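Only the coordinates and a few stated rules stand behind these numbers; no lab work does. Note that the structure is a prediction, hence the values are computed from the model and not measured. All Cβ positions, glycine included, derive from the backbone under ideal geometry; neighbour counts span all protein chains shown.
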Amino acid sequence: MDDTRHDDGIHTIDTHYVRPSFDAAHLVIQDGRAAFVDCGTAHSVPHLLDALTAHGLAPTAVDWLLLTHVHLDHAGGAGQLLQALPNARLAVHPRGAPHMIDPRKLIDASIAVYGAEDYARLYGDLLPIDSARVSPTADGERLALGSRTIEVVHTPGHALHHQAYLDHAAQVVFTGDTFGLAYPPLAVQGRPFALPTTSPTQFDPQQLIASIRRVVALAPRAAYLTHYGRISDIARVGDDLVRMVERFTAAALAVADMNSPGEARDALRSALRAIVLAEWRGFGATGPESLLDEWAGLDFDLNADGLLAWCARRAR
């Protein structure tokens, strides 16, 4: 389903990045005004605009695009979306703001990783955003959406430019990638199974663990993840994520001194898969291993890369 309606005027919008139920934006509606939390890629923008229409809102009703960070699956469509939302401002971490105003470094880095053809297929064009419409955020800053208050919570670890948003009215938090990934097909009897994302280039385990614990300490009724949607049982999920981050980093340190980077990456990827499989089985999952590979296989690759990049920084 493209639009999942929750309580408190919150909607999960499937951005159609990679596959259904993989990447979400969230639409928050209050007093006839609206905000998006994250926006997917340039290809996602029509789906977000369709969601506004479905809820009887004009583009002029949107006051905010709230970015958790500037990785392209979260922020790649920001320029196109703001072109369609004349009254909206962009809230973004100060470290991410320059990349939204001038995205050339993001574009060049992404093409270097994916190649020009796959980059265009996955993300489309990144458009620059007028600096007058960009609001770099401070930790603890409070933003107004009608009568609703949304608080910025800086949450480094996945990236230095990462932040979450605490919705005081609904008592929920929008966590981007800080509170892990919880793909619906990996849930067990309706309970979310979450795994950390340690992707390059700025992953730091101590920062991420502190940010996970900060989210738990907010005591929200639920968290809204970009990957994917609403989850509850916050304290338990937080404990699971911290434990896996610790196991991931121990596995990375165990292979970091291998002479061949390729061998180290292969060994670490296998170790991460084994850790997550054991955690999933321990959580009560009985589905085939192929289901885990289908949904988390790309994350094993990205997590291995991020962990090895952290090991290399640590060794310098």
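Amide H of A164: which non-local residues (sequence gap of 5 or more, or other chain) have their own amide H closer than 5 Å, using H built in the peptide plane?
The list, which skips near neighbours in sequence, is V153, H154, T155.
Identify, among I231, A254, M244, the residue whose Cα sits farthest towards the positive end of the charge dipole of the range 220-260, taking +1 on the Cβ of Lys and Arg and -1 on the Cβ of Asp and Glu, with the dipole about the Cα centre.
So the residue furthest toward the plus end is I231.
Evaluate 2.2 N^0.38 Å with N set to the residue count of the chain, then give the Cα radius of gyration divided by it.
That ratio works out to 0.96.
At R0 = 30 Å, how high is the FRET efficiency between D108 and A132 if r is their beta carbon distance? Nearest 0.05 is fine.
0.75
Taking the Cα centre of the range 104-180 as the origin, how large is its charge dipole in debye, to the nearest 20, when only Lys and Arg (+1) and Asp and Glu (-1) carry charge on their Cβ atoms?
Dipole of the range 104-180, to the nearest 20 debye: 140 debye.
Assigning unit charges at the beta carbon (Lys, Arg +1; Asp, Glu -1) and nothing else, what dipole magnitude in debye, to the nearest 20, does the chain show about its Cα centre?
For the chain, the charge dipole is close to 660 debye.
Efficiency by 1/(1 + (r/R0)^6): what FRET value for D31 and A235, r their Cβ-Cβ distance, R0 = 35 Å, to the nearest 0.05?
Using R0 = 35 Å, I get an efficiency of 0.65.
Between G284, Y114, A159, whose Cα lies farthest towards the positive end of the dipole of the chain when Lys and Arg beta carbons carry +1 and Asp and Glu beta carbons carry -1, centred on the Cα centre?
A159
Divide by every residue of the chain the summed helix terms, -39500 (n - 2.57) for each DSSP H run of at least 4, and state the resulting mean residue ellipticity at 222 nm, rounded to the nearest 500 deg cm²/dmol.
-13000 deg cm²/dmol
Can you give me the distance in nm between label points at D266 and A278, each placed 7 Å from the Cα along the Cα-to-Cβ direction?
Going from the D266 label point to the A278 one covers 2.2 nm.
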